[in-house]
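For reference, the structure discussed in these notes is given below.
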Amino acid sequence: MHVFVYVRATSVDDALALARDANTKFLAGGTNLLDLMKGYVEQPTRIVDINRLPLDRITELPDGGMRIGALVRNSDLANDRLMRERYPLLSQALLAGASPQLRNMASVGGNLLQRTRCGYFTDTSFAACNKRRPGSGCAARDGFNRMHAILGASEQCIATNPSDMAVALTALDAVVAVAGPRGERRIAMSEFHRLPGTTPQRDTNLGPGELIVAVELPPARFAARSHYLKLRDRASYAFALVSVAAALEESDGRISDARIVLGGVAPKPWRAQAAERALVGGRLETTAIEAAARASVEGATPYRDNAFKVELAQRCVARALRTAGGVA
């Protein structure tokens with residue numbers, strides 16, 4: 001058993017003061033951290049329990065947006081009335097993730113920080129994992145890589161980000177509010193997660209000792225025409241082979257703005273900007289949908305076991321766009 005110190009924080013400042021040790025972890029729902037500790041993937045020397053902090057509320061912002069506290073549970077967020085009305089895309093994504101029991105425990109901040117579900121990362125019997133042991137290699141590249149990335153990967157790591165919520169938040173232009181030793185700052189959701197590059201051990205752009213305190217959503221623009229589609233091996237409690245958050249804004253029958261973000265295909269939620277450009281200015285017709293679907297996988301580099309994701313992603317994008325736009 002790995003020995004660690006357990007402490008309870010009573011305020012955000014208290015939590016930050018307790019987390020000055022580089023090998024400290026914050027504990028909210030613990031649905032990912034505790035599993036990793038049991039498998040000896042994570043071995044913190046100190047656990048700071050933040051569940052008593054006042055970060056569990058959903059509030060309206062003066063501009064019409066919403067602020068979601070980092071300790072709001074996934075099930076509460078998914079079923080909040082205003083969220084379902086204004087941001088149905090987010091509610092759909094949350095309800096597509098995990099199981100009801102896990103959603104009841106998992107927090108918004110913890111969801112954003114969950115580590116990859118790559119089997120070579122979570123099983124310490126495999127020595128080669130640059131994310132777990134930098135410089136050791138990537139066993140997935142030549143191993144079984146059916147669930148792995150086709151976009152945004154590097155020679156150092158081809159793992160995918162597992163979060164459904166993060167895909168929807170990226171499409172909704174969310175911002176992550178964090179507090180740290182140097183004060184508070186805001187990180188655009190599209191910049192929160194990192195591509196592996198040469199530093200695959202860094203999943204996010206959080207600094208040392210920083211704590212997520214909230215996620216903020218701008219005023220809703222896509223409520224009427226949005227859809228989250230998740231394709232997986234079974235109907236529930238499975239990670240995405242491919243998922244798509246599609247959101248559209250129309251003016252005079254033409255697409256004035258679009259968001260297409262893919263999950264299950266990259267180390268971070270993958271915004272397909274070329275696909276968005278293929279839609280903006282035109283009508284949501286078959287030719288435009290097909291062009292956007294093709295553009296969504298530009299630059300894809302599949303591996304031995306996951307080449308099917310290239311076509312699957314295109315079909316997923318097309319179906320999500322048709323559903324979001326109400327096209328038969």
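In the complete set of protein chains, residue-level accessible area for Lys25 is approximately 70 Å², probe 1.4 angstrom.
Translational diffusion of the stretch 71-199, estimated by Stokes-Einstein from the Kirkwood radius over alpha carbon pairs at 25 °C in a medium of 0.890 mPa s, is 151 µm² per second. When all protein chains stay in place and ligands, DNA and RNA are ignored, the 1.4 Å accessible-area order of Asp203, Asp252, Asp233, largest first, is Asp252, Asp233, Asp203.
The alpha-carbon of Lys268 sits under 23 angstrom from the alpha-carbons of these lysines, leaving out residues fewer than 8 places away in its chain: Lys25, Lys131, Lys230, Lys309. Name the GluC sites (Glu not before Pro) in the stretch 147-228 that are in a loop by DSSP and that have at most 10 other C-beta atoms within 10 Å, would you? Listed in order of number, the matching sites amount to none. Shape class of the stretch 143-295 from the Cα gyration tensor (axes a ≥ b ≥ c, square roots of the eigenvalues): oblate, since a/c reaches 1.5 or more and a/b does not exceed b/c. Once you have the Kirkwood Rh of the stretch 204-278 from its Cα pairs, apply Stokes-Einstein at 37 °C and 0.692 mPa s and quote D in µm²/s. Rounded, D is 222 µm²/s. In a fully extended conformation the segment linking Glu191 and Glu298 would gain 36.5 nm over its present Cα-Cα distance, using 0.36 nm per residue. The simple spin-label model puts a point 7 Å past each Cα toward its Cβ; for Arg315 and Asp21 those points are separated by 5.1 nm.
Between Thr124 and Ala274, how high is the FRET efficiency from 1/(1 + (r/R0)^6) when r is the Cβ-Cβ distance and R₀ = 35 Å? Nearest 0.05. Plugging the Cβ-Cβ distance into 1/(1 + (r/R0)^6) gives 0.35. Between Arg234 and Ser256, take the C-beta separation as r, use R0 = 35 Å, and let me know the FRET efficiency to the nearest 0.05. Computed FRET efficiency for Arg234 and Ser256 comes out at 0.40. The loop-placed GluC sites (Glu not before Pro) in the stretch 233-316, going by DSSP, that have at most 14 neighbouring Cβ atoms within 10 Å of their Cβ come out as Glu285, Glu298. Which of rounded, prolate or oblate describes the chain when judged by the alpha-carbon gyration tensor and an a/c cut-off of 1.5? It comes out oblate by the Cα gyration axes.
The trypsin sites (Lys or Arg not before Pro) of the stretch 90-170 that meet both conditions, a loop assignment by DSSP and at most 15 other Cβ atoms within 10 Å of the site Cβ, are Arg117, Arg146.
Taking label positions 7 Å along the Cα-Cβ direction at both Asp142 and Gln43, the computed distance is 2.7 nm, reported to one decimal.
Measuring with a 1.4 angstrom probe and ignoring ligands and nucleic acids, Phe121 comes out at about 0 Å² accessible.
Considering only DSSP beta bridges where both residues belong to the stretch 1-160, give the percentage that are antiparallel (nearest 5).
Close to 45 percent.
Here the gap between Ser99 and Phe308, fully extended at 0.36 nm per residue and compared with their Cα-Cα distance, gives a gain of 72.6 nm. Annotation: Ile187 carries an accessible surface of approximately 10 Å², with a 1.4 Å probe and no ligand, DNA or RNA atoms counted. Take the alpha carbon gyration tensor of the stretch 171-227, find the square roots of its eigenvalues, order them as a ≥ b ≥ c, and report rounded if a/c is under 1.5; if not, report prolate when a/b exceeds b/c, else oblate. Judged from the Cα gyration tensor, the stretch 171-227 comes out oblate (a/c at least 1.5, b/c at or above a/b).
The values are calculated or read from the model by the stated rules, or taken from the named source; none is laboratory data. Computed from a predicted structure; not experimentally measured. Don't worry about glycine lacking a Cβ; one is built from the backbone with ideal geometry, like all the others, and counts go over all protein chains shown. Surface accessibility is based on the protein's heavy atoms, side chains included, excluding ligands, DNA and RNA. Shrake-Rupley method; radii C 1.70, N 1.55, O 1.52, S 1.80 Å.
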